[in-house]
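Following: one structure in structure tokens, then a few remarks.
The values are calculated or read from the model by the stated rules, or taken from the named source; none is laboratory data. Since the model is a prediction, treat every value here as computed from it, not as a measurement. When we count neighbours, we look across all protein chains shown, and the Cβ atoms used for this are built from the backbone with ideal geometry, even at glycine.
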Amino acid sequence: MSLFRCPVCGAPLTREAAAYRCPARHSFDIAREGYTYLLPPNQKHSAAPGDDKGMAAARREFLSKGYYAPLLNTLCSRVLALTGEAPAILDAGCGEGYYTSGICQALLAAGRSPRMAGTDISKSILRYAARREKAAEFAVASSYHLPLADGCLDLLLDCFSPLALEEFRRVLRPGGHFLYVVPGPEHLWQLKEVLYDHPYPNEEQETPYEGFAYREIAAVEDTVALTSQADIHALFQMTPYYWKTPRAGAERLAALETLSCRISFRVHIFQKL
């Protein structure tokens, strides 16, 4: 049985060879890459919601080279510590599936039997996720209308994606964990120094959320050495700065062949009450 529920009637979905189907015979085709489409038309706010093809490709190329491995390693260690033998886990806003796959493989390597799923509103980027990890299931869906049953998850990961707290509370079981990843104060500081005349650090907050108890804030700090303009541009293109940087800053960055850059993350770990 799939973790996913029918977005039409809410009944459980069964994964068959070429489609997901519910008892009411609502059917959702599985694309050749392995994902399905569970985003109803009334939840689409554009013809192609989410990250575009260029940003999707940039994220795939950059993350596949292991630059953010320190964050992945931290997530894997926390997930292993917080879950049991057969956890049900969702990566909400999973993007190209780098963290979804890494966590899934870490659990399998530890002898666990995870039920792992990823959702993203961008069909372009979800294709990469479904190709990357065959042991998980993936669906185009909105984090604000997750196609999952109430209380079905042991753990939910949100890595730089929209914070849909009401839905996250709904799908997590009591005692389940929510991992929320945000940039640290000096994340990509050297990149920002090139792009902007007066960069400023990211704001660091510890915000309590109704229905959750804080358990930990794990800090991840490291420096990555980008050794090609292609990698520098891929990093730039996968960030929001790509869309709001003055031309002069983008030109300064394009002139660089190497860049030593700080990476900084905060993993806020909550437990559902």
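Let's see how each residue does on (1) touching a strand residue (DSSP E or B) at 6+ places or on another chain (Cβ under 8 Å); (2) surrounded by fewer than 19 Cβ atoms within 10 Å (Cβ to Cβ):
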site	(1), (2)
155	yes, no
160	yes, yes
163	yes, yes
168	yes, no
172	yes, no
176	yes, no
181	yes, no
188	yes, no
197	no, yes
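Take residue 86 and decide whether it is modelled with pLDDT under 95 and aliphatic (A, V, I, L, M).
Judged against the criteria, residue 86 is not a match.
Looking only at the range 223-273, which residues are β-branched (Val, Ile, Thr), touching a strand residue (DSSP E or B) at 6+ places or on another chain (Cβ under 7 Å) and part of a loop (DSSP other than H, G, I, E, B)?
258
Considering each of 128, 98 in turn, give the residue that is closer than 24 Å to residue 266 by Cα and either without any contact (Cβ under 8 Å) to a residue 24 or more places away in the chain or not hydrophobic (A, V, I, L, M, F, W, C) (or both).
Result: 98 is the single residue among 128, 98 that is closer than 24 Å to residue 266 by Cα and either without any contact (Cβ under 8 Å) to a residue 24 or more places away in the chain or not hydrophobic (A, V, I, L, M, F, W, C) (or both).
What residue, of 262, 266, 215, is closer than 23 Å to residue 76 by Cα, touching a residue at least 40 places away in the same chain (Cβ under 8 Å) and in contact with an Asp or Glu (Cβ under 6 Å, 6 or more places away or on another chain)?
Checking each option against the conditions leaves just 262.
Here is a list of conditions, (1) within 24 Å of residue 163 (Cβ to Cβ); (2) surrounded by fewer than 16 Cβ atoms within 10 Å (Cβ to Cβ); (3) of a type in the set (D, E, K, R), and residue 222 meets all of them except one; can you say which number that is?
(1)
Any residue at all in the range 145-155 that's at pLDDT 95 or above and within 22 Å of residue 56 (Cα to Cα)?
yes
Could you list, ordered by first residue, the pairs with Cβ atoms under 8 Å in which the first is in the range 1-19 and under 11 Å from residue 147 (Cβ atoms) and the second is polar (S, T, N, Q) and buried (at least 16 other Cβ atoms within 10 Å of the Cβ), at least 6 apart or interchain?
Partner pairs satisfying both residue conditions: 4/36; 12/2; 13/2.
Within the range 141-153, how many residues are in contact with a helix residue (DSSP H, G or I) (Cβ under 7 Å, 6 or more places away or on another chain), of a type outside the set (Gly, Ala, Ser) and crowded, with 24+ Cβ neighbours inside 10 Å?
The number of residues fulfilling the criteria is 3.
If the requirement is being at pLDDT below 95, over 18 Å from the mean Cα position of the chain (by Cα) and more than 24 Å from residue 88 (Cα to Cα), which of these qualifies: 221, 193, 186, 203?
Unique residue meeting the criteria: 203.
Check every one of the helices (runs of 4 or more DSSP H) wholly within the range 1-114 and list those with 1 or more residues that are in contact with a strand residue (DSSP E or B) (Cβ under 6 Å, 6 or more places away or on another chain), among the hydroxyl-bearing types (Ser, Thr, Tyr) and surrounded by 21 or more Cβ atoms within 10 Å (Cβ to Cβ).
98-109
Yes or no, residue by residue, for (1) among the polar types (S, T, N, Q); (2) touching a Phe, Trp or Tyr at 6+ places or on another chain (Cβ under 8 Å):
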| position | (1), (2) |
| --- | --- |
| 142 | yes, no |
| 147 | no, yes |
| 151 | no, no |
| 170 | no, no |
| 173 | no, no |
| 182 | no, yes |
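Within the range 131-140, which residues are buried (at least 19 other Cβ atoms within 10 Å of the Cβ) and either touching a residue at least 60 places away in the same chain (Cβ under 8 Å) or part of a strand (DSSP E or B) (or both)?
The answer is 137, 138, 139, 140.
Collect the residues in the range 115-127 that are in a strand (DSSP E or B) and under 17 Å from residue 60 (Cβ atoms), keeping them in residue-number order.
Across the range 115-127, the qualifying residues are 118, 120.
Going through the range 104-131 one residue at a time, which ones are closer than 21 Å to residue 151 by Cβ and among the hydrophobic types (A, V, I, L, M, F, W, C)?
Hits for the range 104-131 are 107, 116, 117.
Of (1) over 27 Å from residue 58 (Cβ atoms); (2) hydrophobic (A, V, I, L, M, F, W, C); (3) within 14 Å of the chain's Cα centre (by Cα), residue 94 satisfies all except one. Which?
(1)
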